[in-house]
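Here's the structure we're looking at; comments come further down.
Every read-out reported here was derived from the displayed coordinates using simple, explicitly stated rules and does not represent laboratory data. Not measured: the values here are computed from a predicted model. No Cβ is skipped: glycine too gets one built from the backbone with ideal geometry, and neighbour counts run over all protein chains shown.
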Amino acid sequence: MNGTIDVLLRLLGVLVVFLVFPLLVGQTEHKVMAHMQGRLGPMYAGGFHGWAQLVADGVKFAQKEDVVPADADRTVFQLAPAVALLPYLLVLVAIPVGPHGFVGQNLDAGLFFVLAVMGVGVLGSLMAGWASSNKYSLLGGLRTAAQLMAYELPMLLAAASVAMAAGTLSLPGIVGAYHWWWTPWQLVGGVVFFTAGLAELQRPPFDMPVADSEIIFGAYTEYTGLRFALFLLAEYAGIVVLCGLTTVLFLGGWHGPWAGGVGWLWTLAKTALLAFVVIWLRVSYPRLREDQLQKFAWTVLIPLALAQIALTGVVKVVTS
Amino acid sequence: MNALAAGHHPGFLSPTGVEITFVLVGLATLGAAVLTVSTRQLVHAALWLVVALGGLAVEYLLLTAEFIAWVQVLIYVGSVVVLLLFGLMLTKAPIGRSPDADSGNRPVALGVAVAAAATLVWVVVDAFRTTWIDLHGVVQGSSRATGVSLFRHWVLPFEALSVLLLAALVGAIVLSRREEK
């Protein structure tokens, strides 16, 4: 009985994180972007520096009419936001926050679980792109698929390098095996992982699939109301997941001074720092063109990831 | 193996919860697979394929083969189906029925499918007739167990497969290169 309550509490915790953290990232993005561009950003909603802006946005989205285009494939069109969003909820279950089992569920092959399930999320964009019966949506879906296929490989290779270093596929196991010199040792892999993750989330500068100046909003062009909000939520949940994963794999998760007591705080702080970097990149880098995107993945990231794996293998053999 | 050593043979008449789930997921997977080949809408076929492959991953999970299950999702759902959908979108698969999706090969395909299924079912049933996985003991499908058996007992097939895949990779690059004129 205790076991059941324990599992329920953990799942509840994951759900709360899933509902709160993406909104925090979204609000931070509003404010950070505004200040980087010499604006104030939202100031009125909720009173203090517009802290309730995203709550107000949520209410607004919920009130809007849910339109399905006449020629669209209704079922696929309506299912797509759920397919895009739910994988990130599942992934959060496996990300460890602190030592001593502070994790939703310790999975034996956790690393493969998170990468596999994150890949499924992109199916949502593809379904949306095809089912909208809109040329812009179709183009967006095509670009999404091409981008996923190019960037999935470097991401996997970089993650495999960490798994080799730690000798385990379990995420808490990887953090447990961490030493401070791992960060310089796995630095190239970390950069590749983070960059490929950004591309998989279609965040700027890799936002060719939703490039607003040429194909309106890619696969999400025809969406309105709550379903559109779910796609946006998926993007921000994706940022939380990617930053959490990079923290766990490459930055040592809960390791830091006083890790025994406030380890979870370290994980959150590192994740928040990475989320800030994600926003910073959006403000400061121009969008890559489609051919530049593909070239970057195949001729830069994949060779770098392979070099990192070779380095990991050599160091592993020499030190063992 | 463990169950065999214990000399313990559970019967078919008092199924456990896991066995019932296994059969139900199996039926759902079979249904999705049949829909994959019988639907008249091309993209729906690809999406039903996602359901079928996902169901297969759940079956692996129920058999405690966690690593295999996630690899199944990663490779088949995450990459193969995405490639399929990419191809379908490139060729502008229409929304609604595709009347030209059926070819005259239907009866032949059905025959081949039934023959292949019969062979596989017969082989699997014959090979694993009395083998029961002990779900409560040591996990038999963990990544460690999979890795050990793969690299201790099956190294040669593994290497042969890698050579095959490498050859396919090189072949794909050669075929897709433009001739310099």
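Annotation: lysines with alpha-carbon distance below 24 angstrom to B:LYS92 (same-chain offsets under eight excluded): A:LYS135. Mean residue ellipticity at 222 nm, helices only, the protein assembly as shown: -23000 deg cm²/dmol; runs of at least 4 DSSP H residues each add -39,500 (n - 2.57), and the sum is divided by the number of residues. When the Cα positions of B:ALA113, B:LEU135, B:VAL18 are compared along the charge dipole of chain B, B:ALA113 comes out farthest toward the positive end, with charges on each C-beta of Lys, Arg, Asp and Glu.
For an R0 of 25 angstrom, estimate the FRET efficiency from the Cβ-Cβ distance between A:VAL315 and B:LEU165 and round to the nearest 0.05.
The computed FRET efficiency comes out at 0.40.
Just need the Rg to Rh number for the protein assembly as shown, please, alpha carbons only, Kirkwood Rh. Spell out each step's value before the answer.
On the way: Rg = 24.1 Å, Rh = 24.9 Å.
Taking Rg over the Kirkwood Rh, I get 0.97.
For chain A, the dipole from Cβ point charges (+1 on Lys and Arg, -1 on Asp and Glu) about the Cα centre works out to 520 debye, to the nearest 20. Per-residue shielding of B:142-153, expressed as the average number of other chain Cβ atoms within 10 Å of the residue Cβ, stands at 2. Is chain B best put as rounded, prolate or oblate by its Cα gyration tensor, with a ≥ b ≥ c the root eigenvalues, rounded for a/c under 1.5, and otherwise prolate when a/b is larger than b/c, oblate when not? Oblate, because a/c is 1.5 or more while a/b does not exceed b/c.
Specify the inter-centroid distance of segment A:262-320 and segment B:124-181, based on alpha-carbon positions, in whole Å. Here the two parts' Cα centres lie 29 Å apart. Shown is the FRET efficiency for B:THR131 and A:LEU187, computed with R0 = 41 Å from the Cβ-Cβ distance and rounded to the nearest 0.05: 0.30. The mean count of C-beta atoms from other chains within 10 Å of the C-beta of residues in A:112-118, rounded to a whole number, is 6.
Over segment B:82-181, what lengths in whole Å, largest first, do the semi-axes of the equivalent ellipsoid take, defined as the square roots of 5 times the eigenvalues of the alpha-carbon gyration tensor?
Result for segment B:82-181: semi-axes of 37, 27, 16 Å.
The order of the peptides A:232-238, A:207-213 by mean Cβ neighbours within 10 Å, most packed first, is A:232-238, A:207-213. Partner shielding of A:137-149 amounts to 3, given as the average count of beta-carbon atoms from other chains within 10 Å of each residue beta-carbon. Build a GNM of chain A with springs between Cα atoms under 10 Å apart, and of A:LEU12, A:LEU245, A:LEU115 the one that fluctuates most is A:LEU12. Peptide packing for A:19-29, A:58-68, A:164-174 was compared via the average number of neighbouring C-beta atoms within 10 Å per residue; ordered from the highest value, the list is A:164-174, A:19-29, A:58-68. Bridging of A:LYS64 to aspartates and glutamates at a Cα separation below 15 Å is possible for A:GLU222, once same-chain residues fewer than 8 apart are set aside. Here's the list of aspartates and glutamates a cross-link from A:LYS31 could span, going by alpha-carbon distance under 16 Å and ignoring same-chain residues fewer than 8 apart: A:ASP57. Translational diffusion of segment B:126-179 was estimated from the Stokes-Einstein equation, with Rh taken as the Kirkwood radius over Cα pairs; at 25 °C and 0.890 mPa s the coefficient is 168 µm²/s.
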